[in-house]
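The values are calculated or read from the model by the stated rules, or taken from the named source; none is laboratory data. The shown structure was predicted, so the numbers you read here are calculated from the model rather than taken from an experiment. Positions of Cβ are generated from backbone atoms using ideal geometry, with glycine treated the same way; all protein chains shown enter the neighbour counts. Accessible surface areas use protein heavy atoms only, side chains included; no ligands, DNA or RNA. Shrake-Rupley method; radii C 1.70, N 1.55, O 1.52, S 1.80 Å.
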Amino acid sequence: MTLFPEMIEGIVSHSILGRAVREGIIEVNAINIRDFSKDKHKHVDDYPYGGGAGMVMKADPIYDCYSSIDENARKNARVIYLSPQGRTFDQQYAKELSKEENLIFLCGHYEGVDERILEELNAEELSIGDFVLTGGELAVGVVIDSVSRLISGVLGKDESFENESFSEGLLEYPQYTRPEEFMGRRVPDILLSGHHANIEKWRREQSIIRTYEKRPDLLESAELDKKEKKFLEAYKDSKD
Ligand code: 4G3
């Protein structure tokens with residue numbers, strides 16, 4: 001539910017999401033709230049009671065927009081309002097949403113929406129981070145992308161997420177492709193060795209080092225085995 005359906009359609013019509021939509025693995029319907037305005041000027045916002053700057057999105061067009069959604073699809077669907085006041089989005093939240101059959105997103109603009117529509121639709125508030133956007137559309141794009149890629153069949157074999165950042169609470173290891181030498185910088189020899197067990201061990205160690213250097217907060221919940229813990233301690237010692 002948005003005032004700018006073209007923004008959502010743009011996001012879901014390209015690249016990996018575009019393919020998933022065309023193959024029917026996911027379905028995204030962007031519904032224009034303005035189509036449910038009742039006055040002749042198609043107004044969807046109005047002045048705030050109590051005064052103050054800006055405009056507030058009216059409850060009624062949003063309610064009618066919601067009611068236009070297939071009854072079976074909306075009956076058990078979580079309604080999610082993108083807002084800086086929401087629960088912060090993260091990989092865990094994305095995983096949770098990827099298990100749902102249907103999701104309904106409400107994109108606000110202006111100074112937000114009439115509070116009563118959030119109550120009536122039992123909306124949960126989701127924030128993609130501590131910053132303010134001009135509207136919820138970019139935020140919902142972020143959520144749709146990260147949730148969709150967790151759905152079986154959306155990523156091809158080549159894009160599989162088994163080894164990725166956060167899958168085990170660690171950052172990704174560094175990647176290299178041709179040529180073997182760029183501006184005098186060589187690809188690490190180990191990656192050219194063809195020794196798959198050693199390569200895997202090196203990548204895991206690089207992930208540990210990177211996480212320690214860039215996001216040490218993540219190491220608290222990462223699952224390291226005994227050898228990996230020893231490796232990390234040895235790395236720390238080597239630095240002082
Ligand atoms: C509601 C989401 C919506 C109230 C939306 C502004 C940032 C986020 C909006 C409001 C948004 C976020 C629209 N900005 N951090 N803007 O997820 O004040």
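Considering every residue within the stretch 128-136, establish whether at least one is within 14 Å of the ligand (Cβ to nearest atom), outside any loop (DSSP other than H, G, I, E, B) and open to solvent by less than 70 Å² (accessible area, probe 1.4 Å).
No, because not a single residue in the stretch 128-136 is within 14 Å of the ligand (Cβ to nearest atom), outside any loop (DSSP other than H, G, I, E, B) and open to solvent by less than 70 Å² (accessible area, probe 1.4 Å).
Being assigned to a helix (DSSP H, G or I) and either free of Cβ contacts under 8 Å to residues at least 12 places away in the same chain or more than 14 Å from Ile144 (Cα to Cα) (or both) is the filter here; which residues of the stretch 6-18 pass it?
Glu6, Gly10, Ser15, Gly18
Looking only at the stretch 105-135, which residues are aliphatic (A, V, I, L, M) and within 15 Å of the chain's Cα centre (by Cα)?
Those that are aliphatic (A, V, I, L, M) and within 15 Å of the chain's Cα centre (by Cα): Leu126, Ile128.
Quick one: Lys42 ticks every box in (1) surrounded by 17 or more Cβ atoms within 10 Å (Cβ to Cβ); (2) touching a helix residue (DSSP H, G or I) at 6+ places or on another chain (Cβ under 6 Å) except a single one, so which number is it?
(1)
Go through Asp145, Asp158 for me and flag whichever is more than 13 Å from the ligand (Cβ to nearest atom), under 15 Å from Phe105 (Cα atoms), open to solvent by 30 Å² or more (accessible area, probe 1.4 Å) and not aliphatic (A, V, I, L, M). First the steps, then the outcome.
Details: Asp158 fails: under 15 Å from Phe105 (Cα atoms).
Being more than 13 Å from the ligand (Cβ to nearest atom), under 15 Å from Phe105 (Cα atoms), open to solvent by 30 Å² or more (accessible area, probe 1.4 Å) and not aliphatic (A, V, I, L, M) holds for just one of Asp145, Asp158, which is Asp145.
May I ask you to list the residues in the stretch 109-127 that are in contact with a strand residue (DSSP E or B) (Cβ under 6 Å, 6 or more places away or on another chain) and open to solvent by less than 10 Å² (accessible area, probe 1.4 Å)?
Leu126, Ser127
If Phe166 satisfies all but one of (1) within 15 Å of the ligand (Cβ to nearest atom); (2) on the phi > 0 side of the Ramachandran plot; (3) out of contact with any Gly (no Cβ under 6 Å at 6 or more places or on another chain), what's the number of the condition it fails?
Of (1) within 15 Å of the ligand (Cβ to nearest atom); (2) on the phi > 0 side of the Ramachandran plot; (3) out of contact with any Gly (no Cβ under 6 Å at 6 or more places or on another chain), only one is false for Phe166: (1).
Here are Phe166, Phe161: which of them is hydrophobic (A, V, I, L, M, F, W, C), under 30 Å from Ile11 (Cα atoms), at pLDDT below 95 and out of contact with any helix residue (DSSP H, G or I) (no Cβ under 6 Å at 6 or more places or on another chain)?
Working: Phe166 fails: out of contact with any helix residue (DSSP H, G or I) (no Cβ under 6 Å at 6 or more places or on another chain).
Residue meeting the stated conditions: Phe161.
I'd like to check something: does the stretch 59-68 contain any residue that is exposed (fewer than 15 other Cβ atoms within 10 Å of the Cβ) and without any contact (Cβ under 8 Å) to a residue 12 or more places away in the chain?
Looking for residues that are exposed (fewer than 15 other Cβ atoms within 10 Å of the Cβ) and without any contact (Cβ under 8 Å) to a residue 12 or more places away in the chain, one finds at least one in the stretch 59-68, hence yes.
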